[in-house]
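This report concerns only the one structure given below.
The values are calculated or read from the model by the stated rules, or taken from the named source; none is laboratory data. Since this is a predicted model, take the numbers as computed values, not measurements. Every residue, glycine as well, gets a Cβ built from its backbone with ideal geometry; the counts of neighbours run over all protein chains shown. Keep in mind that these areas ignore ligands, DNA and RNA; they rest on the heavy atoms of the full protein, side chains included. Shrake-Rupley method; radii C 1.70, N 1.55, O 1.52, S 1.80 Å.
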Amino acid sequence: MAYDVDLFVIGAGSGGVRAARIAAGHGAKVKIAEEYRVGGTCVIRGCVPKKLLVYASQYHEHIEDARGFGWTIDGARFDWATLIANKDKEIARLEAAYRANLDRAGVEILPQRAVITGPNSVRLADGTTVTARYILIATGARPSTDEALRGGEHMISSNEVFQLAELPKRIVIAGGGYIAVEFAGVFAGLGSEVTLVYRGEKILRGFDEDLRDHLMAEYAKKGIKLVMGDVFTGIDKAASGLTVHFKNGHAPVEADQVLAAIGRKPNTARLGLEAAGVAVDEIGAVKVDARSRSSVASIYAVGDVTNRVNLTPVAIREGHAFADTIFGGKPWSADHSTIPTAVFSEPEIGTVGVTEQVARASGHAVDIYRAVFKPMKHTLSGRDTRTLMKLVVDGETDKVLGVHICGPDAGEMIQMAGIAVKMGATKEDFDATMAVHPTAAEELVTMRTPSARHAKAA
């Protein structure tokens, strides 16, 4: 059967764009549909603009710390409108670069919504039908909302937060994951009064317990109010702002903005999956196998829409693997184990491998190496902050199972540590590596005495 294209991609985010470009490079005829902006969540309203705001939020402390190094900086002030305008310029530049890369690859961009109408066909918003040998779903995810919450319409999500007209003097953030924790640090650094509310006992569920405790302590030092074990019961709006009410007795909190960062849901609503026979799970994520193929042989899915590991580099790797496998004659699949990740909190977190808790539960003997110290910079600045570094080591094989860092540049360090862990490096390998002095990272190769040993489970 003849098709209009070899590949039709729905969604021009990181995973979809990579798949389209690689497939076209292998000689495939490719079209990609995007109803919003090319670049997806990460580029337009996620990782990239968020990291720019993180940088902006750090200057407050940089300016204060400069005094300890002999610098006097008077009259410094922050302007939210300037930050947002410059952020928008950079996002526009990146979107243009994404479009240019697709154009150079020979991929046709269709700026409209596409809906699947069958195993090999899609219908565009203008009514046009396109047939395709393969269809790739790369529509990502959207912020979750609490539709039943009284006054919930007064909350903003991680989409709207990047376009606020002014910096809120008071903000309440609901959630305990990447987005909530990162924006708590951003707004605190920019001078807002921040309250972070999470239903669990600690933020960052699934991270190493030492990292969770350490960051919570650092946030408390920065004046961020942590309300754990509680949820909203309602939000009232008045001329003076918003009032947030809580379930478990915490006093109401007044705010100018309330940010809901309580998770994300796969973007599969009204996409035509049922009509095409594509199976989804209970939250709407497309069910796929290791090669990203759905329950329909001609339809694949990559990235957050599958709810496997919702990180931009993972979506990119999945999209690349799909294109190489289907169009390049080079079958492979993305490895979802041992993925390095960073939380751009302040101080930031970098982590790879298993946590101490998972290692203990595995039934093996585990050695823990741990160091907590003041960063060298703050010996002169006088700032009360600490860096945490931790190695989780298999006590029988000496293999490093996990590396966990909370401190300046943790994200940069964990990328390199991730290579070592991925290659199966042992503690002896770390010890045999010459330290780079004076750096914080040298602690990773100079910790010699375990802070804790755990006997093998009976």
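Data table
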| read-out | value |
| --- | --- |
| Matching residues in segment 303-320 - criterion: being open to solvent by less than 40 Å² (accessible area, probe 1.4 Å) and over 20 Å from Y178 (Cβ atoms) | G319 |
| Close pairs from segment 364-377: first assigned by the TED database to the domain that holds E428 and over 11 Å from M389 (Cα atoms), partner aliphatic (A, V, I, L, M) and open to solvent by 20 Å² or more (accessible area, probe 1.4 Å), Cβ under 8 Å, at least 6 apart | H364/A457; A365/A455; V366/L401; D367/A452; P375/A440; M376/A440 |
| Residue among A23, A76, A12 that alone is surrounded by fewer than 17 Cβ atoms within 10 Å (Cβ to Cβ), in the same structural domain as V302 (by the TED database) and small (G, A, S) | A76 |
| Failed item in (1) outside the structural domain of G284 (by the TED database); (2) within 26 Å of R37 (Cβ to Cβ); (3) open to solvent by 10 Å² or more (accessible area, probe 1.4 Å), with K225 passing the rest | (2) |
| Members of segment 248-291 that are touching a Lys or Arg at 6+ places or on another chain (Cβ under 9 Å) and without any contact (Cβ under 8 Å) to a residue 60 or more places away in the chain | A269, A279, V280, D281, I283, G284, A285, V288 |
| One residue from E182, E166, E193, E153 being among the acidic types (D, E) and open to solvent by less than 10 Å² (accessible area, probe 1.4 Å) | E182 |
| Any hit, segment 350-361, residues being open to solvent by 60 Å² or more (accessible area, probe 1.4 Å) and assigned to a loop (DSSP other than H, G, I, E, B) | no |
| Residue check, E160 free of Cβ contacts under 8 Å to residues at least 12 places away in the same chain, open to solvent by 30 Å² or more (accessible area, probe 1.4 Å) and not hydrophobic (A, V, I, L, M, F, W, C) | yes |
| Residue within segment 321-338 that is under 30 Å from H214 (Cα atoms), open to solvent by 10 Å² or more (accessible area, probe 1.4 Å), in contact with an Asp or Glu (Cβ under 8 Å, 6 or more places away or on another chain) and not aromatic (F, W, Y) present | no |
| Of the criteria (1) out of contact with any Gly (no Cβ under 6 Å at 6 or more places or on another chain); (2) open to solvent by 70 Å² or more (accessible area, probe 1.4 Å), which one A97 fails | (2) |
| Matching option when the condition is out of contact with any helix residue (DSSP H, G or I) (no Cβ under 8 Å at 6 or more places or on another chain), at positive phi and open to solvent by less than 60 Å² (accessible area, probe 1.4 Å), among G241, G200 | G241 |
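Each row is one residue, and each column tells you yes or no for (1) assigned by the TED database to the domain that holds G200; (2) of a type in the set (G, A, S).
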{"site": "H250", "(1), (2)": "yes, no"}
{"site": "V286", "(1), (2)": "no, no"}
{"site": "S292", "(1), (2)": "no, yes"}
{"site": "S295", "(1), (2)": "no, yes"}
{"site": "N307", "(1), (2)": "no, no"}
{"site": "E318", "(1), (2)": "no, no"}
